[in-house]
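Trainee: Handing you this structure, nothing more for now.
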Amino acid sequence: MATDSSYRLGLDFEIPLASKTMRVKLDTESRAIAIVGPSGAGKSTILRVLAGVERRARGLVTFCGQRWQGDDGPIVPPWLRRVGWVPQEVLLFPHLTVRDNLGYAGPSAAAVEETARLLQITELLERRPRRLSGGERQRVALGRALLAEPKLLLLDEPFSALDRPLRAELARVVGEWCAERGVPLVLVSHDEADAEVLAEQRWHLSDGKLVRE
Amino acid sequence: MTGWVLACGLVLLLRADAAAGEPVRIGFEPTVSSAKAAPDSSLLVLAASSLAEVLPRLADAWRRGGGAEVRFSFDATSRLAVQALQSPSADAFFAADREWMDWLEQRAVVREGIAVAMAANELVVVVPADASPLATPAELTRFPRIALAGENVPAGRYARAALEATGVWAEVADRVVRGGSVRGALEWVARGEVPVGIVYRTDAAAEPGVRVAFAFEATNHPRVLYWSAPLSASRAPESTDSFLRFVVSEQGRDIVAASGFALVEPSAVQALPSVAVVQAPAVASAIRLSLMVALLATIAGLVPAVGLGWLLARREFRGKALLSTLVMAPLVMPPVVTGFLLLSVLGGGTPLGSRLASLGLPVPFTILGAAIAAFVVGLPLYVITIRGAFEAVDPMYEELSWTLGAPPRRTFFRVSLPLALPGIAAGAMLAFARALGEFGATVVLAGNVEGSTRTIALAVYTLLESPSGRSTIWVLVGASVGISLLALLGFEALSRRQKLHLEDRHGH
């Protein structure tokens, strides 16, 4: 994976969780990091702070020198951050077809077709979300995030509902997609294999602390 | 008329009795008859609302002389008569006209021939205390509106008869607004909502906000007489009888006179011309009006209800609890109170009301007023349903939409609104149903004006006080129940649809 020295992600914030306050400190130039750790440790919350939808965080988030978050909450609102966020709980807009879900951020029709082919969901394009399986839903959500032309990709257990062979293949597809475009990635997973394929740096979150492994 | 003759006989007999008996107190021996009644049983008396001041005084005096306790239910004679027929649990009845007493006699609610004329009243024209004077019925034609009591309420009928006899009815008929009772009409004049009204002299005297302009000549309308009678179903007939005799005793007559009523001389009460025939409100117009008012209220409420519902579901801000409370208030307040508050803000005499009127949009007594009343009373259900619909939408849909580049406003129209749409329609259905059933606020703010504010609810209410018109009531009741149930079925179906709508996976 090519490293461009201009990329830098810095996190230094606190956020109250149900049990305790989580203190997140991270500074990396790696374009592909994985955050691992036990469930309930707050991994998904970190992605929410990065996406800009978490109002309780206090402290810094800097993306390539741009301050996204300050001591008083988000500075750059989520609609200006251009992150491709795929939350763990996969939500597709139920009133839109797969095609319209993929096209939500306004990509060209050709780009939608292209991404659908890449993720092997071309035959699902006209369906409604409620007629999809769990694995299909994950791929649509992933495709929707990729089609938003993100500057940063935030994936939260993105392949958990896929079976093994497909899972490995998609991990490879996403890895290549990021590498080709130079899009940095933050992956949350407790699957060693995913982290192995996609991440070059691993951070471990437990007891409210983020530690580089 | 035999009833009357007998009654007069009774009065004369009582007085003759007294004259022949004890010299000290004339005509009445309360201790004797009340001693026979169960000592702890109080009386329930149904009485015309214009007697609300004098009867408690009479009861008080009677009790001090050894009588039982008397409880009163004051309302328009017409409504009381219908109540007396349907739930005969009261002991005595005081009517403001002879016709309703006849009606009760025909239905054996009152035994024939025992009603007594216990007081007389005068019909007067009142204007707000600070208005310029007027002296003749002909001058009534220069007013845009005239307040009368309801058309089946005695005061309303007497007033119409007086206007007919003085030759101005034809000209003013379409400017008449009807309060339910005399008090209602009086209130409007006192508040300046209506520039002139026709009420009883005793009511006018009790209201400092009005001035009596002139009284109608007694020959212009049937004499206003109050009739008292025991009800056949009374469980304390002797005590009741004792009270009624006290009312026409010397002591009672003093109290009646001191309250501003005229006393009844037997010679004055003979030929009683029948007053105007009861008119049934038009069924089609009531149904059409109801639908129109409810539809107007629902359409006008859509944007505010969606805005408020979204705000309350999705935003935290200072004063949120206060806003929510204000919006919900009409749900728990008596609609009559809501109507009164609306009248205080939008009435013709208020800055806002007169501004609207100058724009050609007067609120009181117009369909606009009825729609506003329905809108305010329906809004809580509208907002609560829509708030629930927005709350049912997982906020993460909106968050996702933001990260996909859609700012809040675009997110609202592309995600929140479409996802809450069936719930919004359900809210509209519920608000429509509520608007359809609105009565209390409407009657206070918009009155009961045939063709412009008399909706189904008000038409049924009007018919309830009419001796005839039972079959009409059933048509209106059927229409009301039918439309309301349809609207509620629509609400149910849409609510279910909302749940399905949000399912983005099978069996989830």
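Trainee: On the given criteria, is residue A:154 crowded, with 17+ Cβ neighbours inside 10 Å and within 14 Å of chain B (Cβ to nearest Cβ)?
Mentor: Answer is yes for this residue.
Trainee: Kindly check whether there is at least one residue in the stretch B:348-368 that is within 14 Å of another protein chain (Cβ to nearest Cβ) and touching a helix residue (DSSP H, G or I) at 6+ places or on another chain (Cβ under 9 Å).
Mentor: no
Trainee: Let me ask you something else. Looking at the stretch B:465-474, can you tell me whether even one residue there is of a type in the set (A, V, I, L, M), under 27 Å from residue B:100 (Cβ atoms) and either in a helix (DSSP H, G or I) or away from chain A (no Cβ under 14 Å) (or both)?
Mentor: Yes, some residue in the stretch B:465-474 is of a type in the set (A, V, I, L, M), under 27 Å from residue B:100 (Cβ atoms) and either in a helix (DSSP H, G or I) or away from chain A (no Cβ under 14 Å) (or both).
Trainee: For the stretch B:473-496, does any single residue satisfy the condition of being at pLDDT below 85 and either β-branched (Val, Ile, Thr) or crowded, with 20+ Cβ neighbours inside 10 Å (or both)?
Mentor: Yes: one or more hits.
Trainee: (1) under 30 Å from residue B:343 (Cα atoms); (2) without any contact (Cβ under 8 Å) to a residue 40 or more places away in the chain; (3) of a type in the set (Asp, Glu): which one isn't true of residue B:203, the others all being true?
Mentor: All conditions pass for residue B:203, except number (2).
Trainee: Say we look at the stretch A:6-51 and pick out the residues that are of a type outside the set (D, E, K, R) and part of a helix (DSSP H, G or I); which of these is farthest from the other protein chains (Cβ to nearest Cβ)?
Mentor: Residue satisfying both the conditions and the ranking: A:46.
Trainee: If you don't mind, there's one more thing I want to ask. Look at the stretch A:178-213 and say how many of its residues are of a type outside the set (A, V, I, L, M) and farther than 17 Å from residue A:25 by Cβ.
Mentor: 12
Trainee: On the basis of being more than 18 Å from the chain's Cα centre (by Cα) and within 22 Å of residue A:211 (Cβ to Cβ), does residue A:23 make the cut?
Mentor: Against the criterion (more than 18 Å from the chain's Cα centre (by Cα) and within 22 Å of residue A:211 (Cβ to Cβ)), residue A:23 qualifies.
Trainee: Tell me, please, whether a residue that is assigned to a helix (DSSP H, G or I), in contact with a strand residue (DSSP E or B) (Cβ under 6 Å, 6 or more places away or on another chain), within 30 Å of residue B:339 (Cβ to Cβ) and aliphatic (A, V, I, L, M) can be found in the stretch B:160-178.
Mentor: The answer is yes; a qualifying residue exists.
Trainee: Of the residues A:146, A:142, which is at pLDDT 90 or above, surrounded by 19 or more Cβ atoms within 10 Å (Cβ to Cβ) and in contact with a Gly (Cβ under 8 Å, 6 or more places away or on another chain)?
Mentor: Unique residue meeting the criteria: A:146.
Trainee: Here are some conditions: (1) within 20 Å of the chain's Cα centre (by Cα); (2) assigned to a helix (DSSP H, G or I); (3) not hydroxyl-bearing (Ser, Thr, Tyr). Residue B:199 meets all but one. Which one does it not meet?
Mentor: (2)
Trainee: Give me the residue from the stretch B:406-426 that is free of Cβ contacts under 8 Å to residues at least 40 places away in the same chain and over 21 Å from residue A:102 (Cβ atoms) and, out of that set, nearest to the chain's Cα centre (by Cα).
Mentor: Of everything passing the filter in the stretch B:406-426, B:409 is nearest to the chain's Cα centre (by Cα).
Trainee: Residue check: is residue A:54 in contact with a Ser or Thr (Cβ under 7 Å, 6 or more places away or on another chain), at pLDDT below 95 and within 11 Å of chain B (Cβ to nearest Cβ)?
Mentor: yes
Trainee: Another question about this same structure. For the stretch A:146-213, which fully contained strands (runs of 3 or more DSSP E) count at least 2 residues that are closer than 22 Å to residue B:400 by Cβ?
Mentor: A:152-156, A:185-188
Trainee: Right, here's the next one. Among the candidates B:385, B:403, B:338, single out the residue that is under 19 Å from the mean Cα position of the chain (by Cα) and among the β-branched types (Val, Ile, Thr).
Mentor: Criteria check complete, one pass: B:338.
Trainee: Consider residue B:385 against the criteria (1) more than 10 Å from chain A (Cβ to nearest Cβ); (2) surrounded by fewer than 21 Cβ atoms within 10 Å (Cβ to Cβ); (3) in a helix (DSSP H, G or I): it satisfies all of them except one. Which criterion is unmet?
Mentor: In the conditions (1) more than 10 Å from chain A (Cβ to nearest Cβ); (2) surrounded by fewer than 21 Cβ atoms within 10 Å (Cβ to Cβ); (3) in a helix (DSSP H, G or I), residue B:385 misses (2) alone.
Trainee: Here's a check for you: in the stretch A:85-122, which residue that is among the acidic types (Asp, Glu) and assigned to a helix (DSSP H, G or I) is nearest to the other protein chains (Cβ to nearest Cβ)?
Mentor: A:100
Trainee: Give me a count of the residues in the stretch A:17-38 that are modelled with pLDDT of 90 or more, surrounded by fewer than 19 Cβ atoms within 10 Å (Cβ to Cβ) and not charged (D, E, K, R).
Mentor: 1
Trainee: Quickly run through the stretch B:394-423 and pick out the residues that are more than 9 Å from every other protein chain (Cβ to nearest Cβ) and surrounded by 23 or more Cβ atoms within 10 Å (Cβ to Cβ).
Mentor: Selection gives B:420, B:423.
Trainee: For the stretch B:327-360, give me the residue count where each residue is part of a loop (DSSP other than H, G, I, E, B), exposed (fewer than 15 other Cβ atoms within 10 Å of the Cβ) and either in contact (Cβ under 8 Å) with a residue 40 or more places away in the chain or aliphatic (A, V, I, L, M) (or both).
Mentor: Qualifying residue count for the region: 3.
Trainee: Quick one: in the stretch B:118-135, of everything that is in contact (Cβ under 8 Å) with a residue 40 or more places away in the chain and of a type outside the set (A, V, I, L, M), which residue is surrounded by the most Cβ atoms within 10 Å (Cβ to Cβ)?
Mentor: B:121
The values are calculated or read from the model by the stated rules, or taken from the named source; none is laboratory data. Source: prediction; values computed, not measured. Methodologically, a virtual Cβ is constructed for each residue, glycine included, from the backbone with ideal geometry; neighbour enumeration extends over all protein chains shown.
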